[in-house]
Amino acid sequence: MTLNYLLKRMLGTIPLLLGVSLVLFGVLHLAPGTPMDVYADNPSVSQEALDQMKVALGLDQPLPVQYTKWVTAFFTGEWGYSIRTARPVVTEISERLWPTIVLGGSSFFLALLVAVPLGVLSAVRRYSATDYGITFMSFLGISMPVFWLALMLQLLFAVQWRILPSAGMQTIGENSLVDLLRHLALPALILAFANVAGWSRYMRSSMVEVLSQDYVRTAKAKGLPHNKVVYRHALRNALIPVITVVALDFAGILSGAVITETIFAWPGIGRLFIESMNGRDYPVLLALMMLGSFALVITNVLADLAYAAADPRIRYD
Amino acid sequence: MTELSSPAPVPVRVTRTESPWRRFLRTFVKHKLALIGLGVLVLMGVAALLAPQLTPYTFDGQDLDIIGTPQPPSRAHPMGTDELGRDALTRVLYGARISLSVGISSALIATLLGTLIGALAGYYRGWIDTLLMRFTDVVLSIPLLPLVILVSGMIRPSVTLLICIIGALGWMGTARLVRGQFLSLREREYVEASRALGGSHGRIMFRHILPNAIGPVVVSTTLAVGSAIMLESALSFLGLGVQPPTPTWGNLLNSASQWLQGAPWLAVFPGLMILFTVLAVNFLGDGLRDALDPRN
Amino acid sequence: MKLSPISQHSVSRKGRLLLALTSILLCGTALAQERGGTLTVGLSYDIDTLNVYSTGYLGDVQATVVEGLLAPDKNANYVPVLATTVPTIKNGGIKLSADGKQMSITYKLRRNVKWSDGAPFTSADVKFTWEAIKNPKFIAESKDGSEDVSSIDTPDPYTAVVNYKRVAPDYASTLFTFGIFPKHALEGKDLNTDVYNEKPLGTGPFKVKEFRRGQYVIVERNPLYWRKDSKGVQLPYLDQIVFKIIPDANTLVTQLKSGEIQMTPSVPYAQVTQLDALPNMNIVKNNVLSWQHLDFNFKGPEALRDLNVRQAFAYAINKSAISKALGGFPKPIDTVVVPVFSASNRNVTKYPYNPTKAKALLDAAGYKPGPDGIRVKNGQRMSYKILVQAGRANDEVAQQVIISSLKAVGIELQPDNKTGVAFREARYKGGYDVFYSGWITSADPVYSVFFKTGGVNNGQGFSNPRIDTLLDRAENTLDPAVQKSALMEFQAELTKVLPTIPITTNLSVIAVTNKLGNFVPNPTNMTNFVNTSSWYLKK
């Protein structure tokens, strides 16, 4: 893997993001309603003021011009102002980004930590009761509506047993790590749940495949201890394809946060997204969607790189 | 929604000894969970279709004597009644109609779109391929759940529209899959042969190549049914799904959530329905994957 | 029900009416009020700005920080806050011009009031407030009343004379009651973006300590607050109030149960029973000045302009079923002036639940049942879109009862629920066929905004010259007798023309810890937090 390749990939994301911006802009502007509707019912905003705002926001110009202006401004970091709060979009989003990264990041690692051992176990004990049990559990995970599970866990942990807070990111006035972790526990668990299921299934099939390959059989035939074979040789190779899937799902975790954050009153970008949608706050919405796409595209590149790093046979030029 | 690992495109080998269909059946029936899944789905489908025959109530019939207080399950109402005095079983049955149609129809739309786009790209290659695949990449680069929320938030959808939205935003995986299959299959001898015999492009694509590429597509369609049902319930939670009084499992679950302690039965049954259906779909998908995998 | 995410100017205002309301008495206590403690309150909406004139919500938090000259009390009567008396004609505070068409109001201001930064509060602040709000560059949610004022004189720092262009009996419920701006901090600033929107500076019992968007607002004791209790103890008693933002209604209730919050101003009816069972929680039922209504769009389908059809709707709707479906909390009403007002007319035309009569009316008017049971006339199926605000559980329940009631007489209603801006736009522009929702008013409701031709909230496009005249008469006089008779007649007429069907009057359900002393609910749009200085927590 060369620096050249990295550069090439990075450059390749630019047309992709441009395409994304075109699609998003189209979706928002073809839909009924405009950002000006916020003031539709507001008698204190005169027609004159409306027209002025329209000009200021460039809404009086033809769509292609609007798009070009927006996209140049966006890629040069001018994200404009929120219609709902009149604050800069950058401020709005940056305030909300950290909580989502904390939540998304921890549930990502939580899911990984649980999914990989489960997948390996399932593969090693293929067709055993353990395997069926794990399979069944992981299918349960992808079949349960998130908000449903969340409500049950809240009632159990916060009301019945009173051992965890039911919502929010911190106890007011407390800034300790323990407090954050206590608040993080339930939402991170919920968000991780669905991914544990998917990933452990994937890990299982990847592991099964590796275990049936010649070099593993050779290693076993050579008399290497079973555990050593499984954990040193097979696991490493089985992880390679899993890395790709897992990395790609990271962006998915972030978007899953839309629901989790609403339930757990978590102050992240997922909730900002919902509020902005209710407020038809187009500048914030566009910026959030672009950011989400950017995260997806970047994790894509990272997945490839990780893939290459894990498997010395893969070379990119 | 979690997309299960899509299998890498696998060339399907046509064997002489046994027809693919028989081989498929032989492998499939060995997969017990898949069979159970299929059974559950068929049962659900039949129950949904026969809803008017299975229950003496209508889905929006309110009993004004008990309105305001949900009643626990009883002889007359095996799943109890909801806060408007409606029979919960009836609503779950009618909900099955909507939820299953949303799941199945949107999965079919996504599959059709994806197959068409993938087939065109893989068959014609060149600039058509580049154009279609770049477009696929672009749509794939937009986070799905927020996009669906955004679109259904802007146009509060009817059932039909909801199906179209979920379908129209879920074809990309299939398109990539089908393209991969087409790229490899189009070089096969039998395709060359039919081309030499003057078969039209459409005929070659859909009569000769597609049947051999269909395996993984079937699996991904099956799984998409489950994802769509889950997506509908997520939208219902955000108040963007199908609007009551038309019942769906998602909106039943959502409106039951505020009765979770007072009337838990209202939430238990639709929750179980979603659970069983998605579970069944996934088992079925798993079975199909195994059965359609030529390595077995 | 506090119509929480309802914009403030959906809230209307008008002339002095006698009230007798608010049912609840909290467990009286002889304990001495104790200083200290933090009250944690759960709010279900995400605060956009802390500027009370800009926010799209009712200003719960703002009410603890910002004060006006007057405020409504628990009976929706105005009491002086930063003014020393409520101006009336009798006490010479209100003077009518010679021709009786204009008025001027003199406010005597309280001395020794300081802004929480120590600067003195004077009549200049009152004048500045009007100027700032009137400024077209300021995009406010509510500018009500600012156009009625022609000038303000400030003869001395403690006197403000407000000159009105017209006789405005609703003066008390508009800008000077909403809150006063600090001139020294805001002069020359852009109110749309100023830091005031994050940390408003007020004269109220609390000041903003921290505002974390999407999470919470902490307000802490304002040590310079002017009010003392009867024993001379400096108010407020509470050290802090924490407002936590919890958007999901179920989570809100869970937080009450787990003790993470101690109060929430609006509990969904469905959850009241379980909260009532909690030993340390009081459920306070508050008769709010609000009513639920079903409106017809006069710019919509032709049939809805047919009085027979509207009457059929009225007879078909089972109001007591709606009330029962909502736990019996909302009470059926027959007129838009809610029963707590003395001007509520009991002798209006009534439409008791009578589906047979509804069917007969429709039959007679030529709407005959089609093959699917839905009536048809001139090829037009009686199928209409009904709008309610999505996510308001109570409204969505009522909507389903209405849909079912009308189906029984052969009219199909299809839900077309919207939320946020889309909802407001539909409400104000008439983006519906029929519309079910609620209005909350101040103690002095102005009905012209809803029913007068071109009224701000008249999204249904209703216009009736006789109603216009009656409302003009009611809303341009300071004579309570004239006003009352005009309003009585207005109601009689309105129920005959029937542009709107009054459904129920509302009760908001507040859950609050039994440790909170001196809490009295407030029925108006000024929220329950309008007088927090005397609240205290029992140890």
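Worth pointing out:
- Accessible area that becomes buried as A packs against C, both chains, 1.4 Å probe, Å², nearest 100: 3200
- Three-way shape label, segment C:303-437, alpha-carbon gyration tensor, a/c 1.5: oblate
- Cβ-Cβ FRET estimate between C:His184 and C:Asn163, R0 fixed at 30 Å, reported to 0.05: 0.80
- Close amide-amide hydrogen proximity is noted between A:Tyr81 and A:Val89, each under 5 Å apart and 5 or more residues distant or on a separate chain (H modeled in the peptide plane; Pro and chain starts excluded).
- Within straight-line cross-link reach of C:Lys95, lysines at Cα separation under 26 Å, skipping those fewer than 8 residues along the same chain: C:Lys14, C:Lys108, C:Lys127, C:Lys134, C:Lys143, C:Lys165, C:Lys484
- Using a cutoff of 8 angstrom between alpha carbon atoms and counting only pairs six or more residues apart, the relative contact order for chain C works out to 24 percent.
- Partners of C:Lys299 within straight-line reach, counting lysines whose Cα lies under 22 Å from its Cα and excluding those fewer than 8 residues away in the same chain: C:Lys377, C:Lys385, C:Lys418, C:Lys429, C:Lys452, C:Lys496.
- Computed from label points 7 Å out along Cα-Cβ, the spacing between B:Ala193 and C:Asp153 is 10.7 nm.
- Trypsin sites (Lys or Arg not before Pro) restricted to segment A:201-245 and DSSP loop, no more than 12 other C-beta within 10 Å: A:Lys222
- For the segment C:412-425, counting C-beta atoms of other chains within 10 Å of every residue's C-beta and taking the mean gives 6.
- Peptide A:295-308 has a mean of 1 when you count, residue by residue, the C-beta atoms of other protein chains within 10 Å of its C-beta.
- Per-q log10 I(q)/I(0), segment B:81-184, q = 0.13, 0.17, 0.25 Å⁻¹ (Debye; single scatterer per alpha-carbon; no solvent): -0.58, -0.82, -1.20
- Each of the trypsin sites (Lys or Arg not before Pro) that DSSP puts in a loop and that has at most 16 other Cβ atoms within 10 Å breaks chain B; the longest unbroken stretch is B:189-294.
- Whole-percent carbon and sulfur share, accessible surface of segment C:243-296, 1.4 Å: 47
- Zone of C:Arg473's modelled label, taken as backbone nitrogen in segment C:325-360 under 19 Å from a point 7 Å along Cα→Cβ: C:336-337, C:342-349
- Label-to-label distance, nm, for residues given as B:Ser184 and A:Asp179 (7 Å Cα→Cβ offset): 5.7
- Taken over the C-alpha atoms, the protein assembly as shown has Rg and Dmax values of 32.3, 114 angstrom.
- Per residue solvent-accessible surface (Å²) - segment B:182-296, probe of 1.4 Å: 33
- Modelled spin labels at C:Arg212 and A:Gln213, positioned 7 Å past Cα toward Cβ, are 4.8 nm from each other.
- Annotation: amide H of C:Ser533 has no partner in the under-5 Å range at sequence separation 5 or more or interchain, hydrogens built in the peptide plane.
- Prolate/oblate/rounded label for chain A (Cα gyration tensor, a/c 1.5): oblate
- Ordering of A:74-82, A:16-24, C:329-337 by packing [mean C-beta count within 10 Å, highest first]: C:329-337, A:16-24, A:74-82
- Amide H to amide H, with H built 1.01 Å from N, C:Val79 comes under 5 Å of C:Ala71, C:Asp73, counting only residues 5 or more places away or on other chains.
- Once divided by 2.2 N^0.38 Å, the Cα radius of gyration of chain C becomes 0.99.
- Seen from every direction in turn and averaged, the convex hull around the alpha carbons of segment A:126-220 projects onto 8.9 nm².
- Within 10 Å of each Cβ in C:45-53, the average number of Cβ atoms from other chains: 3
- In order along segment B:139-156, the phi-based Karplus estimate (6.51 cos²θ - 1.76 cosθ + 1.60, θ = phi - 60°) of 3J(HN,Hα) comes to 5, 5, 7, 9, x, 5, 4, x, 5, 4, 4, 4, 5, 6, x, 7, 10, 4 Hz; Gly and Pro are listed as x.
- Shape call, chain B: gyration tensor on alpha carbons, a/c limit 1.5: prolate
- On Cα atoms only, tilt of C:420-429 relative to the major axis of chain C in degrees: 60
- Each Lys or Arg adds one and each Asp or Glu takes one away; over the other residues whose Cβ falls under 12 Å from the Cβ of C:Lys285, this sums to 0.
The values are calculated or read from the model by the stated rules, or taken from the named source; none is laboratory data. Nothing here was measured: the structure is a model prediction, and the numbers come from that model. Backbone-built Cβ (ideal geometry, glycine too); neighbour counts: all protein chains shown. To get the accessible areas, we keep the full protein, side chains included, count just its heavy atoms, and leave off ligands, DNA and RNA. Shrake-Rupley method; radii C 1.70, N 1.55, O 1.52, S 1.80 Å.
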